[in-house]
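Peer 1: Sharing a structure with you now.
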Amino acid sequence: MHDMLSRLATTDFPPIARGTTETLQVNVGYKCNQTCVHCHVNAGPTRTEMMGRETADLVIAFLTSPGIRTLDITGGAPELNPHFRYLVESACALGVHVMDRCNLTVLDENGQHDLPEFLAAHRVEIVASLPCYLETNVDAQRGKGVFASSVRALQRFNRLGYGKADSGLTLNLVYNPQGPVLPPAQAPLEADYRRRLGDGFGITFNHLYVLTNMPIQRFGSTLVSKGLFEEYMTLLKGAYQPANLDTVMCRSLVSVDWQGYLYDCDFNQMLGLALTHAGHPRTHLSELFERDLAGSPINVRDHCYGCTAGQGSSCGGALSQEQ
Ligand code: SF4
Ligand code: SF4
């Protein structure tokens, strides 16, 4: 794995500052049942980093802070953390909206068979990766058999009401390009997904989020190995849209790692680029109670151009539909 931070450190990305924090995005561990080539976490079955009960309790306590509306749980495969269901149940009891970034194939893992029913019972919003509606493309990027497993999982979620009008159970899909190119426009691709998954498999969903691949971790390192890193950075910078700066997700989200340390976003977490606040080089969630991050500078580097290129990119998909 190449060191990506040193390649991204010299940057002319504009300085930006945090706004009001509304979302706590918690990475509960880097273990995953998959090893996708585009993974910005470098997640996989052999990763051992896992949030413990003490940090999970801290997260739950923090959810009572003013302004926090959403707990966004990510990983790895977050459901593999033994405290995942405790986090969901506790957040729901506090009236906090919960999102689960689900890779779909985790439903086939031991102990996860009742996961869809659990998520539905707690009205958890599902954000599910499906980088294409074609089996060959998905299996090439995410592993053999992943497409078939994902289709089975989506059909199960649909049977519970997920992705159906008026059910209140939200199922969003996530697309990212297969290689070092910008993603296509979100709205027409969403229409294609709806048609292909609907006609082929009877699958329905709420929205498709189109994400740009970030030049970090496994994806960034692969670009370096193939001699494509500079070319990809030139592409991202050439497509820079200043209008996207106002809505990049780090304005309103704070990312928490498995040990409780804070970052401006999950990408910065993977680069080890800590959130800096009040002059401290690193901040722990336990230090954030009663503190307001609004106005704090965001730790930007060259990878940030991945969020502002073209239609823009965030955990909630494109930032603008007009590119
Ligand atoms: S992209 Fe998602 S599903 Fe794939 S290895 Fe990374 S965390 Fe796991
Ligand atoms: S990479 Fe992170 S810090 Fe940079 S603009 Fe995107 S969300 Fe903000």
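The values are calculated or read from the model by the stated rules, or taken from the named source; none is laboratory data. Worth saying up front: this structure is predicted, and the values here are computed from it rather than measured. Positions of Cβ are backbone-derived with ideal geometry, glycine not excepted, and every protein chain shown enters the neighbour counts. These accessible areas exclude ligands, DNA and RNA; they are computed on the full protein's heavy atoms, side chains included. Shrake-Rupley method; radii C 1.70, N 1.55, O 1.52, S 1.80 Å.
Peer 1: Just the accessible area for R301, please: 1.4 Å probe, Å², rounded to the nearest 10?
Peer 2: 60 Å²
Peer 1: Using only protein heavy atoms and a 1.4 Å probe, report how much of E49 is accessible, in Å² to the nearest 10.
Peer 2: My reading of the accessible area for E49 is about 40 Å².
Peer 1: If you don't mind, another one. Would you work out if segment 265-323 is rounded, prolate or oblate? Take a ≥ b ≥ c from the square roots of the eigenvalues of the alpha-carbon gyration tensor; rounded if a/c is under 1.5, else prolate when a/b is larger than b/c, oblate otherwise.
Peer 2: prolate
Peer 1: Express the C-alpha Rg of segment 42-91 as a ratio against the empirical globular expectation 2.2 N^0.38 Å, rounded to two decimals.
Peer 2: 1.21
Peer 1: Another one. Order S90, S150 by their accessible area, 1.4 angstrom probe, all chains in place, largest first.
Peer 2: The ranking, largest first, comes out as S90, S150.
Peer 1: Using C-alpha positions alone, give me the convex hull volume of the chain per residue in cubic angstrom.
Peer 2: Spelled out: Cα convex hull of the chain, divided by residues, is 127 Å³.
Peer 1: Further, regarding this structure: Put a dot 7 Å past each Cα toward the Cβ at Y240 and T10; how far apart are the dots in nm?
Peer 2: Spacing of the two 7 Å Cα→Cβ label points: 1.5 nm.
Peer 1: If we count every other residue with Cβ under 13 angstrom of T55's Cβ, Lys/Arg +1 and Asp/Glu -1, where does the sum land?
Peer 2: With Lys, Arg at +1 and Asp, Glu at -1, the neighbours total -3.
Peer 1: I want to check the label-to-label distance for F289 and F201. Put each point 7 Å from Cα in the C-beta direction and report it in nm to one decimal.
Peer 2: Result for the modelled spin labels: 4.4 nm.
Peer 1: How large, in percent, is the carbon and sulfur part of the accessible surface of the chain at a probe radius of 1.4 Å?
Peer 2: C and S fraction of accessible area: 51 percent.
Peer 1: Is segment 127-284 best put as rounded, prolate or oblate by its Cα gyration tensor, with a ≥ b ≥ c the root eigenvalues, rounded for a/c under 1.5, and otherwise prolate when a/b is larger than b/c, oblate when not?
Peer 2: prolate
Peer 1: With +1 assigned to the C-beta of every Lys and Arg and -1 to the C-beta of every Asp and Glu, and no other charges, what is the dipole magnitude of segment 204-323 about the Cα centre in debye, to the nearest 20?
Peer 2: So the magnitude is around 240 debye.
Peer 1: Given Cβ point charges of +1 (Lys, Arg) and -1 (Asp, Glu) and nothing else, what value in debye, to the nearest 20, does the dipole of the chain about its Cα centre take?
Peer 2: That gives the chain a dipole magnitude of about 440 debye.
Peer 1: Considering only DSSP beta bridges whose two residues both sit in the chain, what percent are antiparallel, to the nearest 5?
Peer 2: Around 25 percent of the beta bridges assigned by DSSP in the chain are antiparallel ones.
Peer 1: May I pose another question? With +1 on each Lys and Arg Cβ and -1 on each Asp and Glu Cβ, how big is the dipole of segment 56-156 about its Cα centre, in debye rounded to the nearest 20?
Peer 2: Its charge dipole is roughly 180 debye.
Peer 1: Figure the gain on full extension for T276 and M1 (residue separation times 0.36 nm, minus the Cα-Cα span) and round it to one decimal in nm.
Peer 2: 96.4 nm
Peer 1: On a full-extension model of 0.36 nm per residue, what is the gain between H97 and A187, subtracting their alpha-carbon distance, rounded to one decimal in nm?
Peer 2: This chain segment gains 29.9 nm when fully extended.
Peer 1: Please compute, for the alpha-carbon atoms of segment 151-232, the extent along each of the three principal axes and give them in descending order in Å.
Peer 2: 47, 23, 22
Peer 1: So how much accessible area does H83 have, in Å² to the nearest 10, using a 1.4 Å probe?
Peer 2: 40 Å²
Peer 1: Let me ask you something else. Work out the P(r) tail for segment 1-99: percent of alpha carbon pairs separated by more than 22 Å, whole number.
Peer 2: 44 percent
Peer 1: With a cut-off of 20 Å, note down the residues of segment 33-51 whose backbone N falls inside the zone around a label point 7 Å from the Cα of R152 toward its beta carbon.
Peer 2: Within reach of a label on R152, which here means backbone N under 20 Å from a point 7 Å along Cα→Cβ, segment 33-51 contributes 33-36, 45.
Peer 1: Please compute the modelled spin-label separation between D139 and E54, points set 7 Å along Cα→Cβ, answer in nm with one decimal.
Peer 2: So the two model labels end up 4.6 nm from each other.
Peer 1: A further question on this structure: Determine which aspartates and glutamates satisfy two conditions relative to K226: a Cα distance under 16 Å, and not lying fewer than 8 residues away in the same chain.
Peer 2: Qualifying aspartates and glutamates at Cα under 16 Å: D3.
Peer 1: Would you mind computing Rg(Cα) / (2.2 N^0.38 Å) for segment 79-146, counting N as its residues?
Peer 2: 1.26
Peer 1: Could you grab the relative contact order for the chain? Cα pairs under 8 Å, six or more apart, rounded to a whole percent.
Peer 2: It comes to 24 percent, rounded to a whole number.
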